[in-house]
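Data block below; observations after.
The values are calculated or read from the model by the stated rules, or taken from the named source; none is laboratory data. Note that the structure is a prediction, hence the values are computed from the model and not measured. Cβ atoms come from the backbone with ideal geometry, glycine included; neighbour counts cover every protein chain shown.
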């Protein structure tokens, strides 16, 4: 059979090798001891009478690094670790690994001869990357497994985000052991560790979930204590004389043995081996002496010519030992002033257990006390106990304690704390319970308390909790099963956080005309720092990304774009349960995914997960790809996902290759890289993705100016960028650029050996500029408007910034009021041609979703050298998505609204018309007409030439496409149509 013994569940792609490691123990020594007494056929370890499965699942690692040992998917090295708890080798051929979810399961048979040695491990490698080999596996975990230590089968791998249970069954389909995990247990390249059952069952106990994976290696607490059948538990090399006085010769030296098994052991033909510096002595046990199960035998080193009796011995130590409990070896005694090693050995001289001492350990009539080995060896561990010798009885701590483990541990999250509860232990002399957090002692509570609050925890971080008990002998039990819990996320609020601004800000005149508050930014009061904003059209939601400066998880909040009210807020995590504390510089929404930009990557979260998420829950990054930029912001439009970068001198540098000379001669050092997504998966096409850390070759590149914080593409026509020009005291700028993809590229650059087209966003393509308050960040399109968030309202900047704001701002991508028609020349009042014109008019259109009261607004009539302001002085309302007519009525003309309607064939009412008395508009000269707000800030502007004018015909205008307020002239020479517009004149949304 080829190395690795590979079983393929699906079709063979290439061979991979499973790994497993054998934990070295002194199994042979133990086995030799077991052969010396009746019942040696029992294969279980002698561990305080604990019954455990023959094959135990001791570790599961469902999430690992990739083949290149980088973070992400596919997981190349998932595994299950098995442990043989018996004293004989087991061939696992035809054993079954069962993977269960919900009511379904998959069974994978070990179809090769795989020998798992006694007290050793075998690793089952669940391989999803066919090209990986055993060397890759070893390198990932820093181990050196051989092919005989690992079995590999090909499969898609274990779930990282759902609860799962695994079983190991024998060829008769009998379940030997099982282990379960939850999504919160899963961490990349971290093992979920399990310990032996305490109840005699088959369900393994989860004891940790965030330690480095260690395939092939088990820790002491995972497996039953492996005890030698005979242990040396006490040595007293120096005692009083036979008359009870101090000095020599020592009359009562002894070695105490303890039988750890459930069976009596015949000591006849065993030996006490006394090791000196350069020699050793063997003292055989020749009598028919039996040491009872879980009992002691005292080996009395009796002076050769001594007269001490067993009664004297008992009197010296205050004991009542009988002759059946004592065996005498006649010798000169144990050294008091030299180091010595003593073993109990079988008839062949094989040591069963060994204990050593040095002169400093020796005190007259004091015993040197030893504890059980905890490393699988037969070497006894010396304690600090130096009290009067206790031949025939053990003291606390000499044997492993496995009883009185707390059960029923449950957790309940609170703000910055978790409350634990467990089933109280009664009748066992328990004095206290110890609380452990992530495996580290935290606190204790008295035995009459079985509820404890663990406070001071980081909110929204997952912790592992365990409880142990301490009895009246100060012996601590094993820790309980692990439970995981995350304290509640601090409630995210949406509230006014910045005091109202006072003073005059004329530089923001146009801003206030075109921008309106659209709801408070969530999380400012909780010290979140807003960065990006995206829009979910199906839900009419703004998505706002924000980070925290304390390293806690970043956040995505949801705000209803119509009402401005927060819907919910979620913490961002990776799929393996790790928090995402990144900058979250941008957020954008494609067809079925949400993308977070930071640190050179775009991170993907399924849109449906965000839609389904509840307030205060976690959302999970599923994967990422490298963009080739700093990934400071992101946007999406028409199947193309864009990642842009912030460049600012040497403080925020970009790749040197990004520095290009633009068409206007300026040097630009920042890129936006565009990626055409697969329309079927809404992700980077599989053929373009090498791995998540290799930058994907873009399909398009835009070269941008410095200090850009956000981008939005408006209706395939133009791109809008937000730019910061300094800090909290310096205004931001909103730039609009012409449609770029419809024009030939300005140049090409080579990326990953491919030629990529480049367009420059520079002064030659810039169409509009809008001055805005400081620290503008992300920007997104939402219908016919832009949503913009600012960082100025954070706790860091709000106190002394020039104009801090805690609002999302909505900026119309077209002016809120359009001039859609002008008729400078009309018929006379009697319906005949000539002058004076009786029915000149200007038509307005409201592009917003709300009615606008026009009182105080002005029509500005601009000539070559002067202008006239025609104020609307009465309450006149133009409905949402509706029109309003300004009738320029000459004072000398006697005409009514009925006459006006008759002239144009309309049926306008008085609420739809405002009559302004003036001498009328010029028919012979170029003129510019604007509609302005009450402060005189122009909203939109339309111009006409004498050649545009025909009597009674309207000059029609289309909405601007370049981000400016200037209307595009469409047509004339057709009868005026006051009160109605065509579809081409106004935005479709």
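Below, the figures for the structure above:
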item: Selection status of residue 163, out of contact with any helix residue (DSSP H, G or I) (no Cβ under 8 Å at 6 or more places or on another chain), surrounded by fewer than 22 Cβ atoms within 10 Å (Cβ to Cβ), farther than 27 Å from residue 68 by Cβ and not assigned by TED's automatic domain parsing to the domain that holds residue 439; result: no
item: Sole residue being touching a helix residue (DSSP H, G or I) at 6+ places or on another chain (Cβ under 6 Å), more than 30 Å from residue 193 (Cβ to Cβ) and either at pLDDT 90 or above or not assigned by TED's automatic domain parsing to the domain that holds residue 188 (or both), chosen from 252, 313; result: 252
item: Elements of type strands (runs of 3 or more DSSP E) contained in the stretch 469-570, each with 2 or more residues being in contact (Cβ under 8 Å) with a residue 12 or more places away in the chain and under 17 Å from residue 594 (Cα atoms); result: 528-536, 541-548, 555-560
item: Of the criteria (1) free of Cβ contacts under 8 Å to residues at least 40 places away in the same chain; (2) assigned by TED's automatic domain parsing to the domain that holds residue 253; (3) in contact with a strand residue (DSSP E or B) (Cβ under 7 Å, 6 or more places away or on another chain), which one residue 395 fails; result: (2)
item: One residue from 822, 808 being crowded, with 21+ Cβ neighbours inside 10 Å, closer than 27 Å to residue 719 by Cβ, in contact with a strand residue (DSSP E or B) (Cβ under 6 Å, 6 or more places away or on another chain) and at pLDDT 95 or above; result: 808
item: Any chance residue 189 is closer than 15 Å to residue 64 by Cα, surrounded by fewer than 22 Cβ atoms within 10 Å (Cβ to Cβ) and in contact with a helix residue (DSSP H, G or I) (Cβ under 8 Å, 6 or more places away or on another chain); result: yes
item: Number of the condition not met by residue 636 [criteria: (1) touching a helix residue (DSSP H, G or I) at 6+ places or on another chain (Cβ under 6 Å); (2) assigned to a strand (DSSP E or B)]; result: (1)
item: Some residue of the stretch 192-213 being in a loop (DSSP other than H, G, I, E, B), touching a helix residue (DSSP H, G or I) at 6+ places or on another chain (Cβ under 9 Å) and farther than 20 Å from residue 56 by Cα; result: no
item: Any hit, the stretch 341-348, residues being without any contact (Cβ under 8 Å) to a residue 60 or more places away in the chain and at negative phi; result: no
item: Residue that is surrounded by the most Cβ atoms within 10 Å (Cβ to Cβ) [pool: residues in the stretch 202-227 that are at pLDDT 90 or above and closer than 27 Å to residue 261 by Cβ]; result: 204
item: Residue within the stretch 133-142 that is surrounded by fewer than 15 Cβ atoms within 10 Å (Cβ to Cβ) and within 27 Å of the chain's Cα centre (by Cα) present; result: yes
item: Of residues in the stretch 108-128 being touching a residue at least 60 places away in the same chain (Cβ under 8 Å) and more than 19 Å from residue 146 (Cα to Cα), the one surrounded by the fewest Cβ atoms within 10 Å (Cβ to Cβ); result: 109
item: Residue within the stretch 653-676 that is surrounded by 15 or more Cβ atoms within 10 Å (Cβ to Cβ), more than 17 Å from residue 749 (Cβ to Cβ), under 26 Å from the mean Cα position of the chain (by Cα) and modelled with pLDDT of 95 or more present; result: no
item: Looking only at the stretch 132-172, and only at residues there that are under 14 Å from residue 63 (Cβ atoms) and not in a loop (DSSP other than H, G, I, E, B), the one that is modelled with the highest pLDDT; result: 164
item: Selection status of residue 129, under 20 Å from residue 215 (Cα atoms) and at pLDDT below 90; result: yes
item: Filtered residues of the stretch 274-316 (kept if buried (at least 20 other Cβ atoms within 10 Å of the Cβ), assigned to a helix (DSSP H, G or I) and touching a strand residue (DSSP E or B) at 6+ places or on another chain (Cβ under 7 Å)); result: 313
item: Residues satisfying the stated conditions in the stretch 435-452, i.e. closer than 15 Å to residue 486 by Cβ and either in a strand (DSSP E or B) or without any contact (Cβ under 8 Å) to a residue 24 or more places away in the chain (or both); result: 437
item: Looking only at the stretch 486-525, and only at residues there that are more than 30 Å from residue 772 (Cα to Cα) and crowded, with 20+ Cβ neighbours inside 10 Å, the one that is modelled with the highest pLDDT; result: 487
item: Selection status of residue 57, closer than 26 Å to residue 400 by Cα, under 29 Å from the mean Cα position of the chain (by Cα) and either modelled with pLDDT of 50 or more or not in a strand (DSSP E or B) (or both); result: yes
item: Verdict on residue 776 being at pLDDT 95 or above and in contact with a helix residue (DSSP H, G or I) (Cβ under 7 Å, 6 or more places away or on another chain); result: no
item: Qualifying strands (runs of 3 or more DSSP E) (wholly inside the stretch 574-625; at least 2 residues being assigned by TED's automatic domain parsing to the domain that holds residue 780, closer than 22 Å to residue 788 by Cα and touching a strand residue (DSSP E or B) at 6+ places or on another chain (Cβ under 6 Å)); result: 586-589, 593-598, 601-606
item: Single unsatisfied condition, residue 815 versus (1) more than 23 Å from residue 873 (Cβ to Cβ); (2) within 60 Å of the chain's Cα centre (by Cα); result: (1)
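The rows are residues; the columns are (1) assigned by TED's automatic domain parsing to the domain that holds residue 597; (2) surrounded by fewer than 21 Cβ atoms within 10 Å (Cβ to Cβ); (3) farther than 22 Å from residue 664 by Cα.
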position	(1), (2), (3)
696	yes, no, yes
703	yes, no, no
723	yes, yes, no
734	yes, no, no
752	yes, yes, yes
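Results for (1) crowded, with 18+ Cβ neighbours inside 10 Å; (2) modelled with pLDDT of 95 or more, shown as yes or no for each residue.
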{"position": "830", "(1), (2)": "no, no"}
{"position": "839", "(1), (2)": "yes, yes"}
{"position": "856", "(1), (2)": "no, yes"}
{"position": "864", "(1), (2)": "no, no"}
{"position": "876", "(1), (2)": "yes, yes"}
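Here's the yes/no breakdown for (1) without any contact (Cβ under 8 Å) to a residue 24 or more places away in the chain; (2) in a strand (DSSP E or B):
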residue: 827; (1), (2): no, no
residue: 830; (1), (2): yes, no
residue: 860; (1), (2): no, yes
residue: 869; (1), (2): no, yes
